[in-house]
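The values are calculated or read from the model by the stated rules, or taken from the named source; none is laboratory data. Worth saying up front: this structure is predicted, and the values here are computed from it rather than measured. Glycine also receives a Cβ, built like all others from the backbone with ideal geometry; neighbour counts cover every protein chain displayed. Quick note on the areas: whole protein, heavy atoms, side chains included, nothing else; ligands and nucleic acids left out. Shrake-Rupley method; radii C 1.70, N 1.55, O 1.52, S 1.80 Å.
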Amino acid sequence: MSQQILAGASGYSFKEWKGAFYPARLAAADMLAYYGERLPTVEINSSFYALPKAESLQRWAQTVPDAFRFAVKAPAAVTHKSRLKPDADDMLAAFYTVLEHLGDKRGPVLFQLPPNLKQDLPRLEAFLQRLPPDHRATFEFRHDSWFDAAVYARLREAGAALCVSEREDATPPPLVETAAWGYLRLRLEQYDEAALAAWLARIRATRWEKVYVYFMHEPTAPAYAALLAALAAH
């Protein structure tokens, strides 16, 4: 089986990247096109704070190559304010509706839960049932109580991916396959080639058909993504 690995960064519009990744004089309006010519995917985090505008998503989709994919973080109103309860269902529906403007370039939807939200299986089950059929949801659990076989089973039944998140402030992440595709957030500030090769070996050992990998929004992120892609190509 051929496994596709798409590696990118969490965001792209950073003036701090000028001189490290972007040309020093590149205009902010040209950043996405430049990024899209060099990396195959990006994770959009601004959607966590405000619902994206349809016009913006249409423009983004028109700016990048056909094979490019946008992963989009779900609004805080859904994950942090309502904490997956039904009172934010209108926002959830509006979010998925606006994502349609990305067309074929829409990738996964990241639901990042707050660190103080402990395992609540009935709440998760109910939320999964309220997602649209083509949800492409991945869940980043930030409380260790969620790393449990019953949770994995519910995600598997819904076709949702367990996000593998490597963070400085958390225990080593479990790598559990709950969907046909994987989603990794590698959040350490530094990765050397050996560390990325070790992650690649873990990825290759799975049955995932497609894997999305995102590095933290540091100036080094594009280089890490490119290196992982180069290692995967050999």
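Details
- Separation between Cα centres of the range 131-194 and the range 104-129, rounded to whole Å: 10 Å
- Kirkwood Rh, Cα atoms: Rg over Rh of the chain: 0.94
- Straightening the chain between Ala180 and Lys118 buys 19.7 nm, computed as 0.36 nm per residue apart minus the Cα-Cα spacing.
- For the range 139-194, the dipole from Cβ point charges (+1 on Lys and Arg, -1 on Asp and Glu) about the Cα centre works out to 320 debye, to the nearest 20.
- Pairwise FRET efficiency - Ala33 versus Arg156, Cβ, R0 = 35 Å, nearest 0.05: 0.40
- Structural descriptor for the chain: relative contact order 24 percent, calculated from alpha carbon pairs under 8 angstrom and at least 6 residues apart.
- Net charge contributed by nearby residues that have their C-beta within less than 13 Å of Gly107 (K/R +1, D/E -1): +3
- Computed on the range 1-51, the Cα convex hull volume stands at 105 Å³ per residue.
- Take every Cα pair under 8 Å whose residues are at least 6 apart in sequence, average their separation, divide by the length of the range 2-73, and the relative contact order is 38 percent.
- In sequence order, calculated HN-Hα J values of the range 121-131 (Karplus, 6.51, -1.76, 1.60; Hz; x Gly/Pro): 5, x, 5, 5, 4, 5, 5, 4, 6, 8, 6
- For the range 37-141, accessible area per residue (1.4 Å probe, heavy atoms of protein chains only), Å²: 46 Å²
- Rounded to the nearest 20 debye, the dipole size of the range 86-234 about its Cα centre is 340 debye, using +1 on the Cβ of Lys and Arg and -1 on the Cβ of Asp and Glu.
- When the Gaussian network model of the chain links Cα atoms closer than 10 Å, the mean-square fluctuations of Ala197, Ala27, Ala126 top out at Ala27.
- Counted charge near Ile203, where neighbours are those whose Cβ lies closer than 12 Å (Asp, Glu -1; Lys, Arg +1): +2
- Packing, taken as the mean count of other beta carbons within 10 Å per residue, orders the peptides 216-229, 132-145 from highest to lowest as 216-229, 132-145.
- Residues with amide H under 5 Å from that of Ala7, placed H, sequence gap 5 or more: Val213
- Mean projection of the Cα convex hull over all viewing directions, computed for the range 76-167: 6.0 nm².
- Pairs of Lys in the range 44-161 closer than 28 Å at Cα, counting only those 8 or more apart or on different chains: 10
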